[in-house]
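Structure, as structure tokens:
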Amino acid sequence: MKKLIAALSFLLCLTMLIEGCTGGIGIAQPRERLRVATTTSLYDTGLWAVLEPRFEAKYGVELDIIYAGTGIAIEYGRRGDVDALVVHDKARELSFVADGYGTERTPFAYNYFVIVGPASDPAGIKGLSPENAFKKLAESKSYPFISRGDDSGTHSKEQAIWAAAGFSYADIQKSGDWYVDAGRGMGPTLVMAGEKQGYTLSDIGTFLAFKGQTGLSAIVETGSIMLNVYAVIPVNPEMISTVNSQQAQNLVEFLTSTEIQQLINDYGTKDYGTSLFTACAGNEPVS
Amino acid sequence: MAEIWQGFLRALNLIITLNPEVMEITGLSLAISLSACLISAIISTPLGALIHFNSFWGKRFLVSLIQTFFSLPTVLVGLVVFLFFSRAGPLGGFGLMFSPAIMVIGQTILVTPLMIGLVISALSGLDHGIRETALALGANPLQMGWLLLREVRYGVMTGVVLGFGRAISEVGLALMVGGNIRGYTRTLTTAISLGTNMGDIEFSLALGIILLAIALVINLLLNRLQQR
């Protein structure tokens with residue numbers, strides 16, 4: 001019996017010791033927090049790690065960044081689990097605002113999607129428009145195309161390109177083994193495309209971050225449909241009363257401020273030799 | 001192969017230099033999983049005894065159900081906890097989503113069936129005579145409880161060891177209800193998952209090695225206590 005008591009008290013002491021060290025995990029959360037759901041692709045570029053400490057220092061709040069596909073991020077917003085969204089799916093963002101869940105959509109940066117694949121481009125889609133490149137892949141059915149398949153912003157862009165190329169997405173999904181529904185984040189999807197020597201649609205940031213690991217190249221990178229706009233939307237306090245709307249508003253101000261816009265414009269130059277985003281302070285970019 | 005070796009070296013380096021981020025992540029993982037195991041042990045022991053010593057309709061089914069829950073998928077616990085504790089859910093008023101507290105709740109739910117199951121099987125292995133003898137000798141309920149607790153201590157300890165193993169190694173639940181927030185709800189497993197997604201293989205591998213090292217230390221300590 002003494003052993004059991006010793007073991008349990010040992011566990012108890014250890015737990016208390018660790019909790020003392022890590023500042024506790026108690027239910028009480030005395031510090032003010034701002035919860036933001038963001039997209040995996042944006043998170044994986046590492047931009048938030050740069051922005052977070054600056055925001056926290058400026059507004060005296062703990063910024064909690066939760067990353068998820070745009071689909072689930074918007075769901076977190078609807079359920080009131082986060083105070084703001086920073087995502088990249090205009091159509092769904094607009095309906096989020098129209099349904100009353102968000103106050104206002106503010107675009108703050110953009111870049112372009114790229115169709116990536118093996119450097120040798122076995123399907124010969126280089127030089128084509130994104131729509132024609134997709135068409136060629138779908139018609140030949142002989143080169144793997146890896147889809148995110150996870151209801152993310154990148155996934156919905158992919159579906160938009162299929163539609164623009166004149167295909168029904170449901171038909172594409174069941175058109176054969178060449179179309180691979182990965183159901184994973186951008187990084188793992190790129191790794192899979194590299195392993196299978198196939199093509200995929202990626203945001204530029206994650207693609208560059210994984211370039212060394214996957215050995216893939218950007219094959220198609222122009223075309224107005226490839227525009228990828230990141231926007232911030234505070235959750236509407238009239239809809240969800242518990243929301244931290246003051247700090248959410250501060251986030252909008254922060255992201256569109258001259259200082260941060262400059263930082264976003266330069267972000268990535270050091271690591272990838274090219275900037276990952278173009279800042280657009282509140283204006284919808286047109287291409 | 002080189003990657004694994006690099007990961008190992010990086011792990012050693014991170015441990016020796018007491019890398020603050022790694023220390024924080026490790027501390028949080030330990031705090032959450034140990035709290036969950038402790039709470040679960042406190043709930044499971046009386047509950048297991050209650051089930052074992054009472055005969056009621058559907059008891060056998062209940063025990064089978066508890067055993068079925070040994071294979072409860074962590075993401076399913078995550079989903080159910082999310083639906084209950086999300087602001088829009090029935091327990092949303094507590095505002096616990098994406099906090100360490102909700103991760104403790106989730107992990108407690110995850111390991112409790114395992115612990116109850118082990119308490120029940122420890123009690124089943126007991127000599128039936130013990131209870132009758134104690135009763136015949138005029139033991140009061142308190143003394144009886146004490147006696148039985150003594151008898152099932154190894155069951156409870158095994159439960160704690162297995163439960164801790166399950167809790168510290170799970171990733172689905174921690175990711176779903178914790179949100180993997182840097183410096184707040186990031187545990188070893190969610191950091192490994194993120195590191196892998198971001199292509200930082202070495203760091204992920206290093207954290208994996210640290211997780212295994214912790215499990216080894218905890219198990220050695222508990223075994224030592226058991227043998228003393």
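As an exercise, use a Förster radius of 22 Å and the Cβ-Cβ distance of B:Trp146 and B:Phe61 to find the FRET efficiency, rounded to the nearest 0.05.
0.10
With +1 on the Cβ of every Lys and Arg and -1 on the Cβ of every Asp and Glu, and nothing else charged, how large is the dipole of region B:24-227 about its Cα centre, in debye rounded to the nearest 20?
In debye, rounded to 20, region B:24-227 gives about 280.
What are the radius of gyration and Dmax of chain B, computed over its Cα atoms and given in Å?
20.4, 68
Tally Lys/Arg at +1 and Asp/Glu at -1 over every other residue whose Cβ is under 13 Å from the Cβ of B:Thr45; what's the total?
That sum, taken over residues with Cβ under 13 Å, equals +1.
Which residue, chosen from A:Val86, A:Ala248, B:Leu114, occupies the Cα position most advanced towards the positive end of the dipole of the protein assembly as shown, where the dipole is computed from +1 (Lys, Arg) and -1 (Asp, Glu) charges on Cβ about the Cα centre?
Checked the options; the winner is B:Leu114.
Would you compute, from DSSP H runs of 4+ residues alone, the mean residue ellipticity of the protein assembly as shown at 222 nm, taking -39500 (n - 2.57) per run and dividing by the full residue count, rounded to the nearest 500?
Here the helix-only value at 222 nm equals -18500 deg cm²/dmol.
For region B:125-181, go through all pairs of different Cα atoms, get the mean of 1/r, take its inverse, and jot down that Kirkwood value in Å.
14.3 Å
Under the definition of Cα pairs under 8 Å and six or more residues apart, what whole-number percent is the relative contact order of chain A?
Relative contact order comes out at 25 percent.
When only C-alpha pairs under 8 Å and at least 6 residues apart count, what is the relative contact order of region B:1-159, in percent?
29 percent
How big is the dipole moment of region B:81-186 about its Cα centre under a simple scheme where the beta carbon of each Lys and Arg is +1, that of each Asp and Glu is -1, and everything else is neutral? Debye, nearest 20, please.
Result for region B:81-186 is approximately 420 debye, rounded to the nearest 20.
With viscosity set to 1.002 mPa s at 20 °C, what whole-number translational diffusion coefficient in µm²/s follows for region A:111-226 from Stokes-Einstein and a Kirkwood radius over Cα pairs?
157 µm²/s
Quick one: which residues, 5+ away or cross-chain, put their amide H under 5 Å from the amide H of A:Ser217? H built at 1.01 Å from N.
Under 5 Å from the amide H of A:Ser217 lie the amide H atoms of A:Gly117, A:Ala119, each far enough along the sequence or on another chain.
For peptide B:200-209, how many partner chain Cβ atoms fall within 10 Å of a residue's Cβ, on average?
Average per residue, whole number: 0.
Enumerate the helices in chain A for which the Kyte-Doolittle hydropathy averages 0.0 or more and the C-alpha atoms extend at least 20 Å along the helix's axis, using complete DSSP H runs.
Membrane-span-like by this criterion, though nothing is claimed about a membrane: A:2-21.
In Å, what Kirkwood hydrodynamic radius results for the protein assembly as shown from the alpha-carbon pair distances?
Mean inverse Cα-Cα distance, inverted, gives 25.3 Å.
If I stretch the segment between B:Leu76 and B:Ile42 completely, what's the gain in nm (0.36 nm per residue apart, minus their alpha carbon distance), one decimal?
9.9 nm
Dividing the alpha-carbon Rg of region A:197-283 by 2.2 N^0.38 Å yields what?
1.41
Starting from the Cα-Cα distance between B:Leu135 and B:Leu212, subtract it from 0.36 nm times their residue separation and give me the gain in nm to one decimal.
23.1 nm
May I ask you to list the residues of region A:102-138 whose amide nitrogen lies under 16 Å from a point 7 Å from Cα along the Cα→beta-carbon direction of A:Val286?
none
Would you work out which of A:Ile172, A:Gln159, B:Ile15 lies farthest towards the positive end of the dipole of the protein assembly as shown? Charges go on Cβ: Lys and Arg +1, Asp and Glu -1.
The listed residue farthest towards the positive side: B:Ile15.
List the GluC sites (Glu not before Pro) within region A:214-287 that DSSP assigns to loop and that have no more than 13 neighbouring Cβ atoms inside 10 Å.
Here the sparse-neighbourhood loop sites are A:Glu238.
Where in region A:39-69 does the label zone of A:Gln246 land, with the point 7 angstrom along Cα→C-beta and an amide N cut-off under 19 Å?
Correct set: A:55-64.
Answer rounded, prolate or oblate for region A:48-164, using the Cα gyration tensor with square roots of eigenvalues a ≥ b ≥ c: rounded when a/c is under 1.5, else prolate when a/b is larger than b/c, else oblate.
prolate
With charges set only on the Cβ (+1 for Lys and Arg, -1 for Asp and Glu), what does the dipole of region A:111-226 come to about its Cα centre, in debye to the nearest 20?
160 debye
Identify the trypsin sites (Lys or Arg not before Pro) of region A:30-89 meeting these criteria: DSSP loop state and at most 16 other C-beta atoms within 10 Å of the C-beta.
A:Arg31
Read-outs throughout are calculated quantities, based only on the coordinates presented, and are distinct from any laboratory measurement. Given the structure is predicted, the values throughout are model-derived calculations rather than measurements. Methodologically, a virtual Cβ is constructed for each residue, glycine included, from the backbone with ideal geometry; neighbour enumeration extends over all protein chains shown.
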